[in-house]
Amino acid sequence: MPSDTPFTIVIEPQGWSFEASGGPSLVESARRAGIVLPTSCRNGTCRACLCRVLRGQARHLIEWPGLSAEEKREGCILPCVATPETALHIEAPKASRAPPPAPPAALGP
């Protein structure tokens, strides 16, 4: 059962942080906070979002994420199909800041 408790997620090496709970994926929670984690498929198969947990625990929302046993032992996760179980520090060197939203278009006279 997903937790409604918000956890602080820190992206390394940038040091950016955002709040996430056990419902939406880490990719979605990051996006809502203006942080872009690389992604393509959003279903755990393409591995574009692959990152490593440095501290804390996450769980995958699918039974067979596209990770090898060795990658799992090394702490790798696919944040497009993972949520936090605790506060997390994740290594995601390709993360970026989302561009600010465009100003609203001016209405004509």
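The values are calculated or read from the model by the stated rules, or taken from the named source; none is laboratory data. Because the structure is predicted, anything quoted here is derived from the model rather than measured. All Cβ positions, glycine included, derive from the backbone under ideal geometry; neighbour counts span all protein chains shown.
Of all residues in region 28-41, those satisfying the criterion of being over 17 Å from residue 13 (Cα atoms) and either under 9 Å from the mean Cα position of the chain (by Cα) or in a helix (DSSP H, G or I) (or both) are 28, 29, 31, 32.
Residues in region 63-86 that are of a type outside the set (A, V, I, L, M, F, W, C) and in a helix (DSSP H, G or I): 70, 71, 72, 73, 79. Within region 76-83, one or more residues are crowded, with 18+ Cβ neighbours inside 10 Å, within 9 Å of the chain's Cα centre (by Cα), farther than 23 Å from residue 101 by Cα and in contact (Cβ under 8 Å) with a residue 60 or more places away in the chain. Annotation for region 51-58: no member residue is surrounded by 16 or more Cβ atoms within 10 Å (Cβ to Cβ), modelled with pLDDT under 95, among the aliphatic types (A, V, I, L, M) and out of contact with any helix residue (DSSP H, G or I) (no Cβ under 7 Å at 6 or more places or on another chain).
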